[in-house]
Amino acid sequence: AWTTTKVEGPTTLHVRPVGDGDVHSFLYGTQPRFSGDSGWLAFTIGMSEDDEKKLEKAKKRVEMSLGIMNLTTAEVDTVEHVQSASFSDDGRFLALRKYAEEDSEGGADLVVRNLATGSNYAIGNVSEYAFSPEGSHLAVIIDAVEKLGNGVQLIDLSDYAIRILDSDEELYSDLTWRDDSFDLAFLKEGDVVGEDYPD
């Protein structure tokens, strides 16, 4: 996969199999990333400069879409209003985080797609997400507008069972899995009363 950018003109993403095969081109395509099993390609889809300027003039947010290409069949599915996306390490799942509502202080909808079946599982108010090594679980940080229900949840991707690791009205951040291990770390914001800490 590679992109071409003209001095005056749009960026175009090109995809072709190594060896024999057709080249597939996607106007305004950028940021290609392959799944770990080499079965899928996800890429960001932008828009023309004229369309961007129209949105900016109307004081509206410029939002990207996501292309999901099946590298076996060359079929492409387009999902609109996707801010970020990530494959699980094993390539079985793709997490797509949508844009939060404008002026919202909370998280956004997260859609987890089973790439083999095409089924989707949605989670609301997600600010961060991270697949475990090997892709068996997905950790998410919930950031609700009213802060009720904030916390860190662990989702078993075999049956979408949810385990709440921590829940509070405080803010959570920095989800991090330890490499090659099932250990998860995160930060929790809070006030410390009656104890002195160095700056």
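The values are calculated or read from the model by the stated rules, or taken from the named source; none is laboratory data. All values reported here derive from a predicted model rather than from experimental measurement. Positions of Cβ are generated from backbone atoms using ideal geometry, with glycine treated the same way; all protein chains shown enter the neighbour counts. To get the accessible areas, we keep the full protein, side chains included, count just its heavy atoms, and leave off ligands, DNA and RNA. Shrake-Rupley method; radii C 1.70, N 1.55, O 1.52, S 1.80 Å.
Numbers for the structure displayed
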{"item": "Separation in nanometres of the label points that stand 7 Å from Cα toward Cβ, at Thr72 and Asp50", "result": "4.1 nm"}
{"item": "Dipole in debye (nearest 20) - segment 118-172, about Cα centre, beta carbon charges: Lys, Arg +1; Asp, Glu -1", "result": "160 debye"}
{"item": "Segment 1-106: GluC sites (Glu not before Pro) in DSSP coil with no more than 13 other Cβ atoms inside 10 Å", "result": "Glu8, Glu75, Glu80, Glu101, Glu102, Glu105"}
{"item": "Rounded to the nearest 20 debye, dipole of segment 37-160 from Cβ charges on Lys, Arg, Asp, Glu", "result": "200 debye"}
{"item": "Descending semi-axes in whole angstrom, ellipsoid equivalent of the chain, from the Cα gyration tensor", "result": "34, 23, 15"}
{"item": "FRET efficiency estimate (nearest 0.05) - Cβ-Cβ, Arg178 to Asn114, R0 35 angstrom", "result": "0.85"}
{"item": "Potential lengthening between Thr4 and Ser84 on full extension [0.36 nm per residue; Cα-Cα distance subtracted]", "result": "26.6 nm"}
{"item": "Percent RCO, i.e. relative contact order, over the chain, from Cα pairs under 8 Å lying at least 6 residues apart", "result": "10 percent"}
{"item": "Positive-end extreme of charge dipole, the chain - chosen from Thr78, Leu175, Gly151 (charges on Cβ)", "result": "Thr78"}
{"item": "Net charge contributed by nearby residues that have their C-beta within less than 13 Å of Glu56 (K/R +1, D/E -1)", "result": "+1"}
{"item": "Within the chain, helix-based [θ] at 222 nm, where runs of 4 or more DSSP H residues each add -39,500 (n - 2.57), nearest 500", "result": "-1500 deg cm²/dmol"}
{"item": "Cβ-based charge dipole, the chain, positive-most Cα from Val7, Tyr129, Ile164", "result": "Val7"}
{"item": "Inter-label distance, nm, simple model (7 Å from Cα along the C-beta direction), Arg163/Glu146", "result": "3.0 nm"}
{"item": "Gained length - Thr30 relative to Ala122, 0.36 nm times residue gap less alpha-carbon distance", "result": "30.6 nm"}
{"item": "Given the chain, longest segment not containing exposed loop trypsin sites (Lys or Arg not before Pro) (DSSP; at most 16 other Cβ within 10 Å)", "result": "62-146"}
{"item": "Separation in nanometres of the label points that stand 7 Å from Cα toward Cβ, at Glu105 and Val23", "result": "5.1 nm"}
{"item": "Where chymotrypsin sites (Phe, Trp or Tyr not before Pro) fall in DSSP loop in segment 104-199, at most 16 other Cβ within 10 Å", "result": "Tyr160, Phe182"}
{"item": "Rounded percent of accessible protein surface that carbon and sulfur make up, the chain, 1.4 Å probe", "result": "46 percent"}
